[in-house]
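In what follows, a single structure is set out as structure tokens and then discussed.
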Amino acid sequence: MLCLGFQGCSMRQQNKEKTPDTVTKVSIMKSKFGKSGDRDVYLFTLTNKHGITVKITNYGGIITQILMPDKNGKTGDIVLGYDSLQQYLEKNPYFGAIVGRYANRIANGEFVLDGKKYFLAKNDGHNTLHGGIRGFDKVVWDFSEISDSSSAGLKLSYLSADGEEGYPGNLKVNANIVLNDKDELSISFDAITDKATPVNICNHSYFNLSGGGSDILNHELVIDADRYTEVNDEFIPTGNLPGVKGTPMDFNTAKPVGERISQVKGGYDHNYVLRKKTGEMDEAARLFDPGSGRMLTISTTQPGVQFYSGNFLDGSIKGKGGIVYKQHYGLCLETQHFPDSPNQPSFPVSILRPGFTYSQKTIYRFSVIE
């Protein structure tokens, strides 16, 4: 792996000596988390032999917690979220959730497909964001546990009915969230439909590799992209794909998130056009916290990654452990198709048709730099 300017290049796995000998494979435990309406909601805990722990709930497919050691062996939680289901039910800016049917924004909450205009639920001013008022982040998913000798995880399933939030077609969606003993968390999605429909599904975790309680402006970021999707004041793409070279948008070599953020109106909330070929698994981004030594490497089959620097966190949300989430206390790296693709014919196609399968995968690899 290339370090590309990160401080120190000595990579190591998490300290195996601190792992009990009794842990021989990834474990999975299930516990009651509460109820949403008349549906039971559960919390699933995945733990591997290196001490990585991931907690997931079948409400919204939310990743509520990722625990990993730092360079001194101290365990910390590297994602934002809440302690209780009730908090997720009351107010959740998509912390850790599966978002869809269409992640990101669709302009004016409408699109034309095969000559017919569809009108979507608007929940972001004039636009539709992350699927609408009741997107995939706000539903209870069916579940089954999956495991083998070196991994364990959860298969989540949901039927998004024809007309839900205005989208055409009955869409059957599966999400596999799996932790392995290589310290990798993989999230894969597949879907089929009985009518042509836009599909763009992703995970919306907010990361803070320091373990929380401070902002992410000193985190060093690499994004493997030469271009990004230019947006207007409502964060809707203009259709232009400007180059990043020589601008505050350039993260081809590691730079602190806060180094040039004041030069970007409103902060970072932009889709980066990855250099990789769509459908091929390759590295897309790396995030490093110099204080803790924690590193996150993201590989994906998707054509884009939305870098969001937590601009709308304003101190009004109290998260896990009573931490007040202020501006820039977390960042998102959402692997995705481009925003507003149904209205942008020059963007990669995001329409799923009957007889075809939507399929994509993202891998999050956790490591420490000494």
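At a glance:
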{"quantity": "Number of the exception - Ile323 against (1) open to solvent by 30 Å² or more (accessible area, probe 1.4 Å); (2) in contact with a Gly (Cβ under 8 Å, 6 or more places away or on another chain); (3) over 26 Å from Met68 (Cβ atoms); (4) among the β-branched types (Val, Ile, Thr)", "calculated": "(3)"}
{"quantity": "Counted residues, the stretch 329-370 - those being open to solvent by 30 Å² or more (accessible area, probe 1.4 Å), under 18 Å from the mean Cα position of the chain (by Cα) and under 18 Å from Leu209 (Cβ atoms)", "calculated": "3"}
{"quantity": "Given (1) open to solvent by 10 Å² or more (accessible area, probe 1.4 Å); (2) among the small types (Gly, Ala, Ser); (3) within 28 Å of Leu46 (Cα to Cα), index of the condition Gly125 fails", "calculated": "(3)"}
{"quantity": "Single unsatisfied condition, Phe119 versus (1) touching a residue at least 12 places away in the same chain (Cβ under 8 Å); (2) within 20 Å of the chain's Cα centre (by Cα)", "calculated": "(2)"}
{"quantity": "Residue in the stretch 169-186 that is farther than 24 Å from Ile28 by Cβ and open to solvent by less than 20 Å² (accessible area, probe 1.4 Å) present", "calculated": "yes"}
{"quantity": "Residue tally, condition assigned to a loop (DSSP other than H, G, I, E, B) and either touching a helix residue (DSSP H, G or I) at 6+ places or on another chain (Cβ under 7 Å) or under 21 Å from Thr297 (Cβ atoms) (or both), over the stretch 104-123", "calculated": "3"}
{"quantity": "Residue selected from the stretch 249-259 under the condition open to solvent by 30 Å² or more (accessible area, probe 1.4 Å) and in a loop (DSSP other than H, G, I, E, B), by the criterion farthest from Glu283 (Cα to Cα)", "calculated": "Thr253"}
{"quantity": "Members of the stretch 282-298 found to be part of a strand (DSSP E or B) and open to solvent by less than 20 Å² (accessible area, probe 1.4 Å), listed by number", "calculated": "Ala284, Ala285, Arg286, Leu287, Phe288, Arg294, Met295, Leu296, Thr297, Ile298"}
{"quantity": "Residue list for the stretch 214-243, filter: closer than 21 Å to Asn104 by Cα, part of a loop (DSSP other than H, G, I, E, B) and in contact with a strand residue (DSSP E or B) (Cβ under 8 Å, 6 or more places away or on another chain)", "calculated": "Asp224, Thr229, Glu230, Glu234, Phe235, Ile236, Thr238, Leu241, Pro242"}
{"quantity": "Residue list for the stretch 260-281, restricted to those being under 22 Å from Pro348 (Cβ atoms), at pLDDT 95 or above, in a loop (DSSP other than H, G, I, E, B) and open to solvent by less than 40 Å² (accessible area, probe 1.4 Å)", "calculated": "Tyr268"}
{"quantity": "Candidates Ile187, Ile133, filtered to the one that is assigned to a loop (DSSP other than H, G, I, E, B) and either out of contact with any Ser or Thr (no Cβ under 8 Å at 6 or more places or on another chain) or not polar (S, T, N, Q) (or both)", "calculated": "Ile133"}
{"quantity": "Criterion: modelled with pLDDT of 95 or more, closer than 13 Å to Leu179 by Cα and either in contact with a His (Cβ under 9 Å, 6 or more places away or on another chain) or open to solvent by 20 Å² or more (accessible area, probe 1.4 Å) (or both) - qualifying residue of Leu46, Leu67", "calculated": "Leu67"}
{"quantity": "Candidate set from the stretch 299-320 (those that are in a loop (DSSP other than H, G, I, E, B) and touching a residue at least 60 places away in the same chain (Cβ under 8 Å)); member that is surrounded by the fewest Cβ atoms within 10 Å (Cβ to Cβ)", "calculated": "Phe312"}
{"quantity": "Selected residue (only one of Ala191, Ala175 is within 19 Å of Leu113 (Cβ to Cβ) and touching a Lys or Arg at 6+ places or on another chain (Cβ under 9 Å))", "calculated": "Ala191"}
{"quantity": "Members of the stretch 49-82 that are among the hydrophobic types (A, V, I, L, M, F, W, C) and in contact (Cβ under 8 Å) with a residue 40 or more places away in the chain", "calculated": "Ile52, Val54, Ile56, Ile62, Ile63, Ile66, Met68, Ile78, Val79, Leu80"}
{"quantity": "Pair list, Cβ under 8 Å, 6 or more apart: the stretch 88-114 residue closer than 13 Å to Gly135 by Cβ and aromatic (Phe, Trp, Tyr), other residue open to solvent by 10 Å² or more (accessible area, probe 1.4 Å) and part of a helix (DSSP H, G or I)", "calculated": "Tyr102/Pro342"}
{"quantity": "Residues of the stretch 151-168 satisfying the condition of being in a loop (DSSP other than H, G, I, E, B) and surrounded by 15 or more Cβ atoms within 10 Å (Cβ to Cβ)", "calculated": "Tyr167, Pro168"}
{"quantity": "Any hit, the stretch 62-82, residues being touching a helix residue (DSSP H, G or I) at 6+ places or on another chain (Cβ under 7 Å), of a type in the set (S, T, N, Q) and either more than 25 Å from Thr238 (Cα to Cα) or in a strand (DSSP E or B) (or both)", "calculated": "no"}
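The values are calculated or read from the model by the stated rules, or taken from the named source; none is laboratory data. Every value quoted in this text rests on a predicted model; they were computed, and no experiment measured them. A quick note on method: Cβ atoms are made from the backbone with ideal geometry, for glycine too, and the neighbour counts reach across all protein chains shown. Ligands, DNA and RNA are excluded from the accessible area calculation, which covers all protein heavy atoms including side chains. Shrake-Rupley method; radii C 1.70, N 1.55, O 1.52, S 1.80 Å.
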